Amino acid sequence: MKRREFLLGSGAAAGALGLGGFGLAASSGAQDLVIQPASFRFREQMTTGMVSLSPNAPPPVLYGRQGEVMKLPVHNATADYTAMHWHGLRIPNGMDGVPYLTQMPMGADEVFNYEFTPPDAGTYWYHPHCMTMEQMAHGLTGVMVIAEPEDPGFDADQVINLRDFRLDEEGAFLPAYTARGAARSGTFGNVLTANWLDSPSYEHPAGGLVRLRVVNTDTTRIYKLHLEGTEARIIAWDGHPVEIEVQMPSAKGPMLVGPGQRIDFAVTMPPEEGKTVDLIAKIPGQKHRIMAQLRAVGQSLSRDLRELKPLPLNPVAKPDLANAELHEFVFGWTPEGGAPNDGFCGSLGYSFWSINRTPWPGDAAKDVGPLATLEMGKSYILRLRNESPNLHPIHLHGLAFVPLRSNLRKLPPLMTDTMLLLKDEVAEIALVADNPGDWAFHCHVIEHQKTGLTGYIRVV
């Protein structure tokens, strides 16, 4: 599809243009974002060829407030095409940042003025949805914090962005993907980082209450996480406040956190200065690894978790299960192996995966219909069947859903946008189709997404 054809023929693009879309400089009050080449020192030698929003640092945490307009003009200062997606935010379809589906890819030196009002508070993140594998693997993943209208009462807030990089001994990038990896669990990085750093330590008030926001923005890795050295509880999952008590993970029972998923912990800092709270990952073939530390400093504030009130719930409609319509989706390999047509947005050259046994023909393929059409305001149950031996974090744009049941485990009813499907798992999720548009629906192991395990759901 050509750029002119898309802009003249797409209702989503027309909506985007009406809200800003392609244009010139940002209006007042905007957070200007420039996608640009970057470099960073992970090892002795500088790593070049990175992609970020600054020339020598990770993409920043973007801050907004629930119910208030955010203006985020994105300027593409790279030679590649791109588009920015705001993962987990239930915003208008034209602002969702999916190439050929909601907007045309941004060429070099183009600006797209994203503008939206977040309906939900919580922890979210952003990443490109065009040249997705290359740009994400080279650094372009950042966290978004949407604050509640009222202060929830913490003494400090700490964001931890977990992600790998795949580098050789000289610090140069290795290929971001492999055919073998794409057809299996994905291609893993060998430099594990938190906020682009190796086991960083952050100082917070001794005896204080810290909101710890842990975000997995990796292209592949499913983390097994737990905390040590503190009393803590889980207060939000994938942006949304929890309504039940969620069991804290432990060394023997770590929590699986797939690409795209987020956990908010309320953490009590140790009362003694110098003591630490450790975020620990269980890595295959390695000892438990400290991904990041919170270090207590100063005199103890002597705070207690019981001082915190529950976070206010986000305004997400609860599905009417008694009248919900069922749709089924099968995730697995594909018998077809042709390369997808991704237009300006970069292809891995293979099709290994499928939804309902049909691989995604590519972002730029013409006449591709939705996987399902949902009626605005109605409730639905989606049955997700994983017929492969690999895990798949299934992400649905623009909508929030609640897990109902699984053939393998008990699922806590935590509102979410990303469901980690286990090997041979059949899970059911429920939602209200309350946001009109075409919403991408895909695995967030990016090699799976780019080799067939993607599609979209239409809400009309």
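The values are calculated or read from the model by the stated rules, or taken from the named source; none is laboratory data. It should be emphasised that the depicted structure is a prediction, and the values quoted were computed from it without experimental measurement. When we count neighbours, we look across all protein chains shown, and the Cβ atoms used for this are built from the backbone with ideal geometry, even at glycine.
Could you tell me which of the residues LEU174, LEU162 is aliphatic (A, V, I, L, M), in the same structural domain as LEU209 (by TED's automatic domain parsing) and farther than 16 Å from HIS444 by Cβ?
On the way: LEU162 fails: farther than 16 Å from HIS444 by Cβ.
Of LEU174, LEU162, the one residue that is aliphatic (A, V, I, L, M), in the same structural domain as LEU209 (by TED's automatic domain parsing) and farther than 16 Å from HIS444 by Cβ is LEU174.
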Notebook entry, point to check: Take the residues of the stretch 180-209 that are touching a Lys or Arg at 6+ places or on another chain (Cβ under 8 Å) and of a type in the set (A, V, I, L, M): which is nearest to LYS450 (Cα to Cα)?
Noted result: ALA182
Check: Going by the conditions given, is GLY377 assigned to a loop (DSSP other than H, G, I, E, B), buried (at least 21 other Cβ atoms within 10 Å of the Cβ) and not charged (D, E, K, R)?
Finding: no
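Output the residue which, of all residues in the stretch 296-354 that are of a type in the set (A, V, I, L, M) and farther than 30 Å from ASP157 by Cα, is surrounded by the fewest Cβ atoms within 10 Å (Cβ to Cβ).
Among residues in the stretch 296-354 that are of a type in the set (A, V, I, L, M) and farther than 30 Å from ASP157 by Cα, the one surrounded by the fewest Cβ atoms within 10 Å (Cβ to Cβ) is ALA322.
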Check: Residues in the stretch 267-287: is at least one part of a loop (DSSP other than H, G, I, E, B), of a type in the set (S, T, N, Q) and not assigned by TED's automatic domain parsing to the domain that holds TYR202?
Finding: no
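Just need a number here: residues in the stretch 328-360 that are outside any loop (DSSP other than H, G, I, E, B) and either over 24 Å from the mean Cα position of the chain (by Cα) or among the charged types (D, E, K, R) (or both). Spell out how you get there, then give the answer.
Going residue by residue through the stretch 328-360, those that are outside any loop (DSSP other than H, G, I, E, B) are 328-333, 343-345, 353-355, 358.
Remaining after also requiring either over 24 Å from the mean Cα position of the chain (by Cα) or among the charged types (D, E, K, R) (or both): 328, 358.
The qualifying residues number 2.
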Notebook entry, point to check: Among ASP168, ASP151, ASP96, which is the only one that is outside the structural domain of MET269 (by TED's automatic domain parsing) and without any contact (Cβ under 8 Å) to a residue 12 or more places away in the chain?
Noted result: ASP151
Next item on the list: For the stretch 323-382, enumerate the residues that are among the small types (Gly, Ala, Ser), in contact with a Cys (Cβ under 8 Å, 6 or more places away or on another chain) and more than 23 Å from ARG180 (Cβ to Cβ).
Entry: ALA364
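Of all residues in the stretch 407-430, count the ones that are closer than 17 Å to VAL242 by Cα and of a type in the set (Gly, Ala, Ser). Working first, answer last.
Going residue by residue through the stretch 407-430, those that are closer than 17 Å to VAL242 by Cα are 410-419, 429-430.
Restricting the remaining residues to those that are of a type in the set (Gly, Ala, Ser) gives 430.
Total satisfying the criteria: 1.
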Next item on the list: Kindly indicate whether ARG357 is over 14 Å from HIS442 (Cβ atoms) and surrounded by 14 or more Cβ atoms within 10 Å (Cβ to Cβ).
Entry: no
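Quick check, is ASN190 touching a residue at least 24 places away in the same chain (Cβ under 8 Å) and touching a Pro at 6+ places or on another chain (Cβ under 6 Å)?
In short, no.
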Margin query: Go through (1) part of a strand (DSSP E or B); (2) at pLDDT below 95 for ASP363 and report which single condition fails.
Written below: (1)
Margin query: Checking GLU325 against (1) under 30 Å from LEU374 (Cβ atoms); (2) not assigned by TED's automatic domain parsing to the domain that holds PRO393; (3) not aromatic (Phe, Trp, Tyr): exactly one of these is not met. Which one?
Written below: (2)
Notebook entry, point to check: Quick one: how many residues across the stretch 167-195 are modelled with pLDDT of 95 or more, among the hydrophobic types (A, V, I, L, M, F, W, C) and surrounded by fewer than 21 Cβ atoms within 10 Å (Cβ to Cβ)?
Noted result: 7
Notebook entry, point to check: So, of the residues in the stretch 174-197 that are touching a helix residue (DSSP H, G or I) at 6+ places or on another chain (Cβ under 8 Å) and of a type in the set (Phe, Trp, Tyr), which turns out to be farthest from LEU422 (Cα to Cα)?
Noted result: TYR177
Check: Are there any pairs, at least 6 apart or on different chains, whose C-beta atoms fall under 7 Å, with the first in the stretch 56-73 and free of Cβ contacts under 8 Å to residues at least 40 places away in the same chain and the second among the small types (Gly, Ala, Ser), and if so, which?
Finding: ASN56/ALA38; ASN56/SER39
Next item on the list: State all residues of the stretch 443-460 that are in contact with a strand residue (DSSP E or B) (Cβ under 6 Å, 6 or more places away or on another chain) and closer than 14 Å to TRP333 by Cα; if no residue qualifies, say none.
Entry: CYS443, HIS448, GLN449, THR451, GLY452, LEU453, THR454
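Within the stretch 388-395, can one find any residue that is in a loop (DSSP other than H, G, I, E, B) and without any contact (Cβ under 8 Å) to a residue 40 or more places away in the chain? It would help to see each step written out before you state the result.
Taking the stretch 388-395 first, the residues in a loop (DSSP other than H, G, I, E, B) are 388-391.
Imposing the further condition that a residue be without any contact (Cβ under 8 Å) to a residue 40 or more places away in the chain reduces the set to 389.
Checking the stretch 388-395: at least one residue is in a loop (DSSP other than H, G, I, E, B) and without any contact (Cβ under 8 Å) to a residue 40 or more places away in the chain.
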Note to self: It is to be established whether one or more residues within the stretch 427-439 are touching a strand residue (DSSP E or B) at 6+ places or on another chain (Cβ under 6 Å) and free of Cβ contacts under 8 Å to residues at least 40 places away in the same chain.
What the structure shows: no
